[in-house]
1. Out of contact with any helix residue (DSSP H, G or I) (no Cβ under 7 Å at 6 or more places or on another chain) and at pLDDT 95 or above, is that true of residue 168?
2. Looking at residue 114 and the list (1) surrounded by fewer than 14 Cβ atoms within 10 Å (Cβ to Cβ); (2) part of a helix (DSSP H, G or I), which single condition is not satisfied?
3. Identify, from the list 133, 104, 161, 119, the residue that is over 23 Å from residue 60 (Cα atoms) and touching a helix residue (DSSP H, G or I) at 6+ places or on another chain (Cβ under 7 Å).
4. Evaluate the following for residue 119: is it in a helix (DSSP H, G or I) and either under 20 Å from residue 4 (Cα atoms) or touching a strand residue (DSSP E or B) at 6+ places or on another chain (Cβ under 9 Å) (or both)?
5. Give region 158-176 a look and list any residue that's over 20 Å from residue 15 (Cβ atoms) and surrounded by fewer than 18 Cβ atoms within 10 Å (Cβ to Cβ), or say none.
6. Could you check region 79-117 and list, in sequence order, the residues that are under 16 Å from residue 51 (Cα atoms) and without any contact (Cβ under 8 Å) to a residue 12 or more places away in the chain?
7. Find all pairs meeting these conditions: Cβ atoms under 8 angstrom apart; at least six residues apart or on different chains; first residue within region 165-189 and farther than 16 Å from residue 155 by Cα; second residue assigned to a helix (DSSP H, G or I) and modelled with pLDDT of 95 or more.
8. Would you please name the residue that is nearest to residue 113 (Cα to Cα), looking only at residues in region 31-59 that are without any contact (Cβ under 8 Å) to a residue 12 or more places away in the chain and assigned to a helix (DSSP H, G or I)?
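The values are calculated or read from the model by the stated rules, or taken from the named source; none is laboratory data. What you see is a predicted model, and the numbers here were worked out from it, not measured in a lab. Virtual Cβ from ideal backbone geometry, glycine too; neighbours counted across all protein chains shown.
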C-alpha cells in the first residue's frame, strides 16, 4: 500500500522530532541507547497520547517503521554530530518542523476518525506538544510548553489556519502546507521578537505576607 501525503508528513515529522530529542540527549551526555529512547519518546509521545484519547491502537504498534526512522535519526546525529550537537539553533529548527507537521497529522487523524473540528484542533496540539513534554522530563528540563514560549498556542493557531483553509475549500496539500508553515512562522516570530505568554504569579504583597 502506497504512502499518501499525510504519511510522508508523519515520517518527516518523526525524523525531525527524533533528532531534536537525540540532540538534547547528546548534550546531556546520554549513551546511544538512552539517546535513542529519548528520540523515540519525543517522536511518538504525542501521537500515542492522541490515539489513546481517540480510542484507537497507537500508530507505532502496527507500523514498526517509526522505530526505524528514529534509528535513522540517531545515525544522522552520530554521523553529523560535530554540526548537529554544537549548533545552538539545531534543536529549535528540528523541533519547529516536527511540531508543525505533527499538528497537521493530529488534526487529520482526528477528522478521519469522525471527530469534530474542536477535537481535531485539540488533538493537533496534543500530537505536536506532548512528545516534547516527555522529552524534557526525561532529560530533567522544565518542559518547553510550560515556559513563557509560544509553543502549544502555535499549535492551536495552526489548527485554526487548517479550519480556515478547509472552510474556504482549499486543496488538501495547500491546507497541510499552510498549516505547517503557520506554526513554524508563529514559533519564529515569537522567539525573534521575544513574544511570550504572561507569567502567572501571585501579588508581591501576598509574597511578603507568606514570607
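1. Here the answer is yes, as residue 168 does meet what is asked.
2. Only one criterion is unmet by residue 114, namely (2).
3. 161
4. no
5. The answer is 160, 163, 164, 166, 167, 168, 169, 170, 171, 172, 174.
6. 111, 112, 114, 116
7. 166/117; 166/175; 170/178; 174/165
8. 52
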